[in-house]
Amino acid sequence: MPDRAPRLLRSICLRLVTIAAVVLVAGLACATMVRFAPGFGVDERELDPRLSAESIAALRSQNAGDGNIGHFYWHFLAGLLHGDLGQARTFSQPIAQLMKDRAPATAQNIGYGLALAWSITLAAAFAAAALQNKAAEVLLSAASIALLSLPAAVVALVAVIARKPASIAIALALVPVLYRYSRNVIAKNCAEPWIAAARARGVSKGRILFCHVLPGASPQLVALAGVSLNMAFGAALPIEVVADSPGLGQLAWQAALARDLPLLVTVTGVVATMTLVANACAATVNDALRMEHA
Amino acid sequence: MKIKICLLLLALAITVPGFGQGELRFCLHADPKTFNPLLVDDDASEAVRYLTGGVLVRLNRRTQQLEPELATAWKVSPDGRRIEFTLRPGIKFSDGTPFGAEDVAFTMKSLMDPELHSPIGDGFRSANGDMHFQILPKNRIAITFPAPVAGLDKLFDQVSMMSAHSPEKERAVLGPFVVADYKPGSYVELKRNPNYWKKDSAGRHLPYLDAVRLDIQQNREIEVMRFKRGEVQLINSLDGEYYDRLQPQMRSELFDSGPSFDSEQMWFNQSPAAKIPEYKLAWFRSTQFRQAISSAINRQDLVRLVFNNHATPAIGPISPANKFWFNSKLKPHAYDQSAAIRLLVKAGFRMQGGVLHDAQGHAVEFSIITNAGNQARERMAAVIQQDLAGIGIKVGVVTLDFPSLIERMTRTFNYEACLLGLNNNGLDPNDQMAVWLSSGDNHQWNPAQKSPATAWEAEVDKLMRAQASATSATKRKALFDKVQEIAWEQQPFIYLVHKNALSAVSKEVHGAEPVALSPQTYWQIEKLRVTIERASR
């Protein structure tokens with residue numbers, strides 16, 4: 001018991017080091033893929049017939065600057081240490097400013113989307129567990145399968161037509177996955193012998209769910225919460241593009257289309273950091289819970 | 001009594017439909033890359049520049065003639081090197097700084113900075129050397145260039161004047177609006193310039209509108225949907241498909257202004273650096289082969305099937321919309337597959353079992369690359385594929401994203417034929433200099449030649465240089481007519497269609513007269529009005 005705190009601290013430190021290493025490798029991998037993607041270093045403006053040969057040559061030499069991956073990445077990291085993320089070629093703006101401008105929209109989309117998705121998921125999963133009704137379960141499963149079969153971009157298009165915000169589309173993209181997993185976890189916990197014993201003793205359904213089933217299912221649900229953030233980021237990319245929501249997803253898409261190396265590496269780093277931090281938080285909470293139980 | 005009158009006026013304002021000084025809304029399809037008018041090289045920034053920038057002379061988008069703006073008069077010297085402007089007196093920038101000859105000199109010096117690499121600046125750069133400015137009495141300024149600049153006065157339509165002294169730098173403007181707010185990815189808000197100089201015939205200060213909101217909307221589908229809902233009031237450049245979709249309900253709000261200045265064309269890769277077999281290069285370099293391909297493509301089908309009749313078959317590099325420069329003597333390219341086969345036979349090809357073979361026995365087949373996601377081009381490629389199958393040629397279609405396509409066109413030359421469009425924002429053929437000069441980087445079929453590969457390209461070089469240095473418009477026209485004739489004959493670009501300039505203007509907007517030349521719907525922005533209902537919404 002007394003060595004619980006140092007153990008927890010050690011595990012947090014280890015996770016932070018892992019996150020830093022993975023983000024560095026992810027950034028390098030992204031830079032390498034972009035560098036060797038067809039169309040790297042070209043600029044649409046080269047086709048402007050009004051530009052003189054000198055201007056086209058200047059454009060080409062400017063875009064060829066990022067050609068050496070090792071050189072680029074070294075300078076990128078050095079700039080990062082000084083808080084300078086460089087300049088986005090696509091937008092002719094400092095990347096730090098772009099991230100500052102775009103992050104709130106994505107945070108809002110993902111935040112509301114996750115809150116809504118988890119509310120629907122938990123309500124549906126608890127309702128299914130509480131009702132124990134075959135028809136309701138079939139209905140919920142059918143709805144979840146129908147939503148699961150729709151690509152996120154289609155969900156986004158439906159949201160646009162219905163004049164709903166991108167966060168609704170993110171929620172609808174997450175609900176089927178979250179519901180199926182949560183439903184299984186809760187159903188598994190409902191089948192535990194102590195739950196049967198509680199039922200036999202006449203404990204109310206609500207008390208069983210919230211005092212016995214939920215604590216038992218919480219480690220898996222916490223882990224799922226971490227994963228759901230990754231899923232939300234994944235869904236945000238096509239949804240923000242289709243719904244024209246000015247967030248990081250749309251920014252990443254535009255950067256990818258234009259092969260904007262520094263911008264893509266930055267967006268990859270931010271998304272990788274966010275997902276890893278979310279996973280690490282979920283894992284740390286689980287560790288703490290496990291230690292508590294032990 | 002006063003209160004009663006005020007209430008009566010208020011009631012009238014609410015109930016009687018009329019014009020208000022409201023807000024006009026329309027979409028940009030990307031974030032503006034810059035608000036500095038001299039650095040503009042993208043459509044979104046160009047829209048902002050048009051709405052906020054003040055120019056010495058403005059090209060009337062309907063008559064295609066220059067009209068006075070900040071300059072009340074101008075005169076180009078007979079040698080085409082010098083232009084003298086008489087500036088309008090009493091003009092102030094949006095921040096109150098007075099406008100004068102020094103600002104014109106400052107703007108031109110900044111524009112011609114070689115480090116700027118501005119397409120507008122490059123238009124003035126006919127030879128190495130410095131410009132000279134002469135500030136003359138009576139609010140006049142003369143600018144002398146090191147060599148003659150063809151169409152010199154028209155180039156000033158694109159040059160927004162900047163203040164030499166304002167602490168607000170490029171934010172101090174002379175146009176009808178100023179940038180009030182910009183939220184990246186969302187909108188640009190423009191407010192009326194309180195110091196705008198123009199008045200209407202009744203002496204009212206222009207613009208009529210209080211504000212213009214430019215929503216950044218990349219998705220065209222959403223833009224159309226928002227237009228239907230009344231959330232935006234203009235669509236500047238509408239696709240034929242959307243035009244037809246809107247037509248049943250909104251016929252009176254849609255405008256087809258006839259052929260645009262843009263062209264759709266295909267060409268064969270003739271570069272010696274091309275990564276294609278020699279025998280294919282030989283086909284592509286054969287004038288008869290190119291003429292045969294051109295004859296075998298049914299342009300009317302492209303117009304009908306791909307553009308739902310919202311396009312015009314193309315004859316050459318200049319659209320019939322360009323009133324002065326279009327060579328009206330050129331005949332349309334006839335669709336005649338029998339004539340195409342005769343031409344091919346004459347060039348040594350032969351038909352064998354329904355498949356065309358060259359003299360060495362190679363079956364004639366090639367691939368066309370075009371940009372992915374452009375539905376019209378993908379459909380055009382499919383129609384061309386079908387047409388050429390009719391003369392025994394097998395065509396493959398490859399769609400690539402834009403950077404990959406440009407890389408193949410300009411770096412690796414790893415393609416056989418390409419289908420693409422050329423956006424012509426200007427009227428003057430000098431804007432196409434880099435396309436027609438054999439040494440040009442945009443001489444797509446065989447770019448950056450050290451010396452002209454063919455006699456006709458040498459002739460085109462000579463004609464283009466001659467027209468660029470000629471000072472008489474008639475002489476320039478005669479020279480460029482010859483270039484158009486050579487292009488018609490040799491078909492290095494097989495011109496296919498000019499899309500029509502389609503636009504949508506809501507009933508709430510008054511005073512719009514959509515035209516083919518950009519910006520189609522808001523070229524007289526200061527005279528547009530919106531109805532009171534919309535303004536107060």
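The values are calculated or read from the model by the stated rules, or taken from the named source; none is laboratory data. Just so you know, these numbers come straight off a predicted model, no measurement behind them. Glycine also receives a Cβ, built like all others from the backbone with ideal geometry; neighbour counts cover every protein chain displayed. The area values use the complete protein model at the heavy-atom level, side chains included, leaving out ligands, DNA and RNA. Shrake-Rupley method; radii C 1.70, N 1.55, O 1.52, S 1.80 Å.
With a ≥ b ≥ c taken as the square roots of the eigenvalues of the C-alpha gyration tensor of region B:54-167, please select rounded if a/c is under 1.5 and otherwise prolate if a/b is larger than b/c or oblate if it is not? Because its axes are fairly even, with a/c under 1.5, region B:54-167 counts as rounded. If a helix is a whole DSSP H run, which ones in chain A reach 24 Å or further along their own axis (Cα) and hold a mean Kyte-Doolittle hydropathy of at least -0.5? Long hydrophobic helices here: A:4-35, A:95-131, A:166-190, A:214-242, A:261-293.
Please state the shape class of region A:103-257: rounded when a/c is under 1.5, otherwise prolate if a/b exceeds b/c and oblate if not, all from the C-alpha gyration tensor. Judged from the Cα gyration tensor, region A:103-257 comes out prolate (a/c at least 1.5, a/b above b/c). In this structure the protein assembly as shown gives 45 Å² per residue of accessible area when probed at 1.4 Å with all protein chains present. By the rule of a C-alpha distance below 28 Å, with chain neighbours fewer than 8 residues away ignored, the lysines paired with B:LYS394 are B:LYS275, B:LYS280, B:LYS346, B:LYS499. Put simply, chains A and B cover up around 3400 Å² of each other's accessible surface, both sides summed, when a 1.4 Å probe is used. Residues of A:32-43, mean number of Cβ from any other protein chain within 10 Å of their own Cβ, rounded to a whole number? For this peptide, the per-residue mean of nearby foreign Cβ atoms is 4. The calculated 222 nm mean residue ellipticity attributable to helices in chain B amounts to -8500 deg cm²/dmol, summing -39500 (n - 2.57) over DSSP H runs of n ≥ 4 and dividing by all residues. Hydrophobic long helices, here whole DSSP H runs in chain B with Kyte-Doolittle means of at least -1.0 and Cα atoms spread over 18 Å or more along the helix axis, are found at B:2-15, B:375-389, B:455-469, B:473-490. Name the chymotrypsin sites (Phe, Trp or Tyr not before Pro) in region A:41-109 that are in a loop by DSSP and that have at most 12 other C-beta atoms within 10 Å, would you? Nothing satisfies the criteria.
Surface composition of the protein assembly as shown: carbon plus sulfur atoms contribute 59% of the solvent-accessible area (1.4 Å probe, protein chains only, all chains present). Under 29 Å between alpha carbons, and skipping anything fewer than 8 positions from A:LYS188 in its own chain: which lysines qualify? Leaving aside lysines fewer than 8 places away in the same chain, those within reach of A:LYS188 are A:LYS134, A:LYS205. May I ask you to list the trypsin sites (Lys or Arg not before Pro) in region A:103-210 that are in a DSSP loop and have at most 15 other Cβ atoms within 10 Å of their Cβ? Filter output for region A:103-210: A:ARG163, A:ARG201. For the protein assembly as shown, rounded, prolate or oblate, judged on the Cα gyration tensor with a ≥ b ≥ c (square roots of eigenvalues), a/c < 1.5 rounded, else prolate if a/b > b/c? Prolate, because a/c is 1.5 or more and a/b exceeds b/c. The lysines within cross-link reach of B:LYS199, meaning a Cα-to-Cα straight distance under 30 Å and a gap of 8 or more places when in the same chain, are B:LYS75, B:LYS92, B:LYS138, B:LYS154, B:LYS169, B:LYS191, B:LYS323, B:LYS507, B:LYS527.
With a cap of 13 neighbouring Cβ atoms within 10 Å, and only residues DSSP puts in a loop, list the trypsin sites (Lys or Arg not before Pro) found in region B:77-160.
When the trypsin sites (Lys or Arg not before Pro) of region B:77-160 are filtered for loop state and at most 13 Cβ neighbours within 10 Å, B:LYS138 remain.
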